[in-house]
Number of protein chains: 2
Amino acid sequence: MKREDCEALDREDPLRPFREQFELPAGLIYLDGNSLGALPRATAARLAEVTRREWGQDLIGSWNRNGWVDIPQRVGDKIGRLIGAAPGQTVAADSTSINVYKALSAALKLQPQRRVIVSERGNFPTDLYIAEGLIAQLGGGYQLRLIDSPEDLPAALDASVAVVMLTHVNYRSGRLWDLAATTQAVHGAGALMLWDLAHSAGAVPLAVDDAGADFAVGCGYKYLNGGPGAPAFLYVAQRHQHAATPLSGWFGHAAPFAFETGYRPAEGIARWLCGTPSVLAMSALEVGVDLLLEASMAQLRAKSLRQCELFLFLVASQCKDCGLQLASPSDAARRGSQICLSHEQAWPIMQALIAQGVVGDFRAPDVLRFGFTPLYTRYCDVWDAVAVLSRVMRQEIWRRPEYQTRLVVT
Amino acid sequence: MKREDCEALDREDPLRPFREQFELPAGLIYLDGNSLGALPRATAARLAEVTRREWGQDLIGSWNRNGWVDIPQRVGDKIGRLIGAAPGQTVAADSTSINVYKALSAALKLQPQRRVIVSERGNFPTDLYIAEGLIAQLGGGYQLRLIDSPEDLPAALDASVAVVMLTHVNYRSGRLWDLAATTQAVHGAGALMLWDLAHSAGAVPLAVDDAGADFAVGCGYKYLNGGPGAPAFLYVAQRHQHAATPLSGWFGHAAPFAFETGYRPAEGIARWLCGTPSVLAMSALEVGVDLLLEASMAQLRAKSLRQCELFLFLVASQCKDCGLQLASPSDAARRGSQICLSHEQAWPIMQALIAQGVVGDFRAPDVLRFGFTPLYTRYCDVWDAVAVLSRVMRQEIWRRPEYQTRLVVT
């Protein structure tokens, strides 16, 4: 295997034209699109248009004239196509945390005889924090039951479980739950299923309708390339949309602009909106989603698998005996679009990599996380990244004092 | 009074240079900045910088390098200066609805022996809807008690009242509560005070600290000129910041990037954050807030009062016997920065005005709402607006069929 082989793979790559649709800094190998997706070239122009023309010129009239009022549903339905949801079940809105709160609240209301939320200790923390906050708020014996690994799920499912909340692709390890089988098992126990698709949407093929998922949430700023802190999304299966949401803001009202004194919830997915959406943030998100919709999810997954395998092969051959351990499942079918390596010096190693132009993520305490975003990651990037990693490890570049200082990281 | 007198007022206006800082469509008289503030000239450039340089080039590193991680507190403290809050008590975050939810939840937790939320029937509906949603979620005898007018407040205050939630400037009438006296009366009854400052922040001088307010929320897209659906703000007086929030997302954690399994709330105002903030939306908001901070709030209020008086004087003289009734308090000291007129044909009248280039708001069922935003509204605009109104009324232009069709409005 040589770099030329990677160049050949890039030439043959059917997704190759997409890279040109992104602004990427020259010389940087960005393997962190699972933390913050790259900037689509079209975004700045779209933002300028929304700002200068729609806001600046059309002003308040834009809510109707330029379709601002429907933007959460419009972008939501587009995201729905990426996650296998028929129209009318997905909205772009709020943050993932807020959407988790909506979904968990609704699930508990739908299952009044059950008081347990099951999740995973290694779930992304904000999901757990929100469950904690909801439970503390509700009182009355609600409980968060955490499992340590997928094998523990069946034993955790009993008649007290109202809802199971799992992140489909683990943020740290990249481990992938079997979405359909898990949903089925959870339903078999009479519980509802809430999927966090933050590291899945736009990264792996998804079929939430077919799987019978009850609720799903996800993130707009990772694989959807919606920009820093982009609005999140919420999927509520049609059969549950009648449920009550405590975040009953005016955008979820049946007639928001009638200014009625009493809350009269909208029918359908609109009920799951709360406050006024940020049109600027939504518009940037829409550009990212539109771009992704032009690609084939099957091709994206195939390229992601190939890049992950290539990365592992190169690490195995070029970083042998460097103390790097695979912290992701070894079976490609059980991984999302990322590879995690563990090393007790993960922090300075990642700092050294970033300084050498390879951007991944550190995840406490000891994980190096590399995300592969097939829309814009080239096979050559994978080659070059491992070459840098190998140099950082073999020359122990990470020992330099400037890489030791620990700062707040994202 | 002639148009020349208005031109003279504009020439002498100390706030005159600010108009040049806004992009305003030629020929349009925009009296709707209390619904959606106009576009500051600096916003598009700032958004382009955040997008192209910070997101596009610095990518994930921007959370530290470009200060993204502190943006809710940084912008919050700036808004704090506009509302009379010392630093460390205000964040820009989420929507007004979500922030109302946080504040009401906290207030009820702080007052466990009391179960009543008092508000006003004419409050902005989303505040009431959120109170309804929270009460329905909590069960246990919580109750929303609505008063019809300020005079009814004393009688509504008894030992069962946990919190009083009022909008300082009424969205429909512009009527202004006495913030300090009302807060004092509410405290006298042992209740907490939550102010909605959506129509106040940036419009009237505010002193929430001095008044002893407990919580306040407000809107970024009206007088703060933060853009459509801009992030809202939340003020939590320092003495209450230890309270529990059910929306305990990772940005409110003491160490968000340590990825701890358990929720450990941040000290101070950071606890009141929830999910990842939209950096694009926050950056646009910051431009609007910065611009407002350059102006003197006393000068803004003085100009607003003068423009409102001028408007009323001109309406009285030029629209006599047209059936327009003042729907705002006649005492200027008891009004925010808007004038409302009622007329049973308010809908087609406003449509006709908009078609003639004067943009105000219709508010069901019969209100014409005109907002005065002294940063960019000229005295001449007030003159010209009334001239158009007078023509629409006297020539009954509003009777034309094209102004009769009722659409969704904002």
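Quick look at the values:
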item	result
P(r) weight above 23 Å for region B:29-186, C-alpha pairs, percent	53
For region A:104-242, with +1 on Lys and Arg beta carbons and -1 on Asp and Glu, the positive-most of A:ALA107, A:TRP177, A:LEU224 along the dipole	A:ALA107
Hz values of 3J(HN,Hα) by residue in region B:97-114 - Karplus curve (6.51, -1.76, 1.60), Gly and Pro given as x	4, 4, 5, 4, 4, 4, 5, 5, 4, 5, 4, 5, 5, 6, 10, x, 8, 10
Convex hull volume per residue for region B:46-294, taking Cα atoms only, in Å³	120
Largest-first ellipsoid semi-axes for the protein assembly as shown, taking √(5λ) over the Cα gyration tensor eigenvalues, angstrom	48, 30, 24
Chain A: antiparallel DSSP beta bridges as a percent of all, rounded to 5	55
Highest to lowest packing among B:253-262, A:162-171, scored as the average C-beta count within 10 Å	A:162-171, B:253-262
Long-range HN-HN contacts of A:VAL163 with modeled amide H, under 5 Å	A:VAL116, A:VAL118, A:LEU192
Placed amide H near B:LEU39: partners under 5 Å, 5+ positions off or other chain	B:GLU23
With Cα atoms, 0 to 90° folded angle of helix A:71-83 axis to chain A main axis	50
Distance (nanometres) between label positions extended 7 Å along Cα→Cβ at A:SER149 and B:MET1	8.0
Helical contribution to [θ] at 222 nm, DSSP H n ≥ 4, -39,500 (n - 2.57), averaged over the protein assembly as shown, rounded to 500	-11000 deg cm²/dmol
Packing-based order for A:60-72, A:308-320, A:204-216, using average beta carbon neighbours within 10 Å, highest first	A:204-216, A:60-72, A:308-320
Dimensionless Rg ratio for region B:162-236, taking C-alpha atoms and the 2.2 N^0.38 Å reference	1.08
Residue-count net charge about B:ARG239 - beta-carbon cut-off 15 Å; Lys, Arg +1, Asp, Glu -1	-2
Amide H contacts of B:PHE233 (H built 1.01 Å from N, under 5 Å, at least 5 apart or other chain)	B:ALA93, B:GLY218, B:CYS219, B:GLY220
Distance (nanometres) between label positions extended 7 Å along Cα→Cβ at B:ALA298 and A:ARG400	5.6
Test item: A:248-256 mean partner chain Cβ contacts at 10 Å	6
Across the identical copies, how the B:ARG400 labels are spaced - nm, sorted shortest first, 7 Å along Cα→Cβ	7.1
22 Å Cα-Cα threshold exceeded, pairs from A:LYS2/A:LYS303; A:LYS109/A:LYS222; A:LYS102/B:LYS109; B:LYS222/B:LYS303; B:LYS2/B:LYS303	A:LYS109/A:LYS222
Position B:GLU294, label points 7 Å along Cα→Cβ, spacing to each other copy in nm (shortest first, one decimal)	3.8
Rg in Å to one decimal, and Dmax rounded to a whole Å, for region A:321-378 via C-alpha atoms	11.8, 32
Shielding of B:69-78 by partner chains, average beta-carbon count, 10 Å	1
Linear extension gain, B:PHE313 paired with B:ALA185, 0.36 nm per residue minus alpha-carbon span	42.6 nm
Degrees, to the nearest 10: B:346-355 long Cα axis against longest axis of chain B	80
Counted charge near B:ASP158, where neighbours are those whose Cβ lies closer than 12 Å (Asp, Glu -1; Lys, Arg +1)	+3
For A:ASP10, label point 7 Å along C-beta direction: distances to other copies, nm	5.8
Whole-Hz couplings from phi, Karplus 6.51/-1.76/1.60, listed for region A:148-155; x for Gly and Pro	8, 7, x, 4, 7, 4, x, 5
Antiparallel bridges, percent of DSSP beta bridges restricted to the protein assembly as shown (to nearest 5)	55
Karplus 3J(HN,Hα) series, Hz, for region A:385-396 with 6.51 cos²θ - 1.76 cosθ + 1.60 (x for Gly, Pro)	4, 5, 4, 5, 4, 4, 5, 4, 7, 5, 8, 6
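The numbers here are math on the coordinates, done by the rules we state, and not lab data. Worth saying up front: this structure is predicted, and the values here are computed from it rather than measured. All Cβ positions, glycine included, derive from the backbone under ideal geometry; neighbour counts span all protein chains shown.
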